[in-house]
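For reference, the structure discussed in these notes is given below.
Each reported figure results from applying straightforward, stated rules to the coordinates on display, with no laboratory input. Note that the coordinates shown come from a computational prediction; the quantities given were computed from them, not determined experimentally. Positions of Cβ are generated from backbone atoms using ideal geometry, with glycine treated the same way; all protein chains shown enter the neighbour counts.
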Amino acid sequence: MKQTINQHQFEQAFRDHGRLGGDNDNFSYEALELLFKYFEDSENDTGEEIELDPIAICCEYAEMTKEELLHNYEITIRYPSLNSEEEQEDIVQRYLENNFAFVGKTASGFVFLQH
């Protein structure tokens, strides 16, 4: 059985599972917008439906700040004082694009498939 949902219903599913609007927020609203569009595009490109499972999405995808990514994935930026903030973010984004499924960038960080 299939149910088509909109972005609001997508966000509500995360609220219903305690993953949005509380202490256990996994994503910002902006990140959820990116993920919703990412999943819609994927369904359109492949013709395969994606099951909405907020817990699985929270386990498989992440939104991290530049600092968290630098620390967690040991990304090295040579001579950070010589690179602007924007250049450092470009380096991190290229790392994600080369090593993960990069979903997009939010005001607070980067959204990507961790596996």
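Here the spin labels are modelled as points 7 Å beyond Cα on the Cα-Cβ line, and at residue 82 and residue 3 they lie 5.6 nm apart.
Rounded to the nearest Hz, the phi-derived 3J(HN,Hα) couplings of region 20-25 under the Karplus curve 6.51 cos²θ - 1.76 cosθ + 1.60 (θ = phi - 60°) are 8, x, x, 6, 9, 4, where x marks glycine and proline.
Rounded to the nearest 500, the helix-only mean residue ellipticity at 222 nm of the chain stands at -15000 deg cm²/dmol, with each DSSP H run of n ≥ 4 adding -39,500 (n - 2.57). Rounded to the nearest 0.05, the FRET efficiency derived from the C-beta distance between residue 43 and residue 23 at R0 = 35 Å is 0.65. Relative to the dominant Cα principal axis of the chain, helix 29-46 is inclined by about 70°. Labels on offer are (1) 28; (2) 39; (3) 17, and the one holding percent of Cα pairs over 25 Å apart computed from this structure is (1). The value of relative contact order for the chain, using C-alpha pairs under 8 Å at least six residues apart, is 27 percent. Relative to the longest principal axis of the Cα atoms of the chain, helix 85-99 runs at roughly 60 degrees. As a proxy for reagent exposure, 81, 108, 28 were ordered by neighbouring Cβ count within 10 angstrom, fewest first; the result is 81, 108, 28.
Rounded to the nearest 10 degrees, the inclination of helix 7-16 to the longest alpha-carbon principal axis of the chain is 90 degrees. Tell me, what is the FRET efficiency for residue 90 and residue 30 to the nearest 0.05, using R0 = 22 angstrom and their Cβ-Cβ distance as r? Using R0 = 22 Å, I get an efficiency of 0.70.
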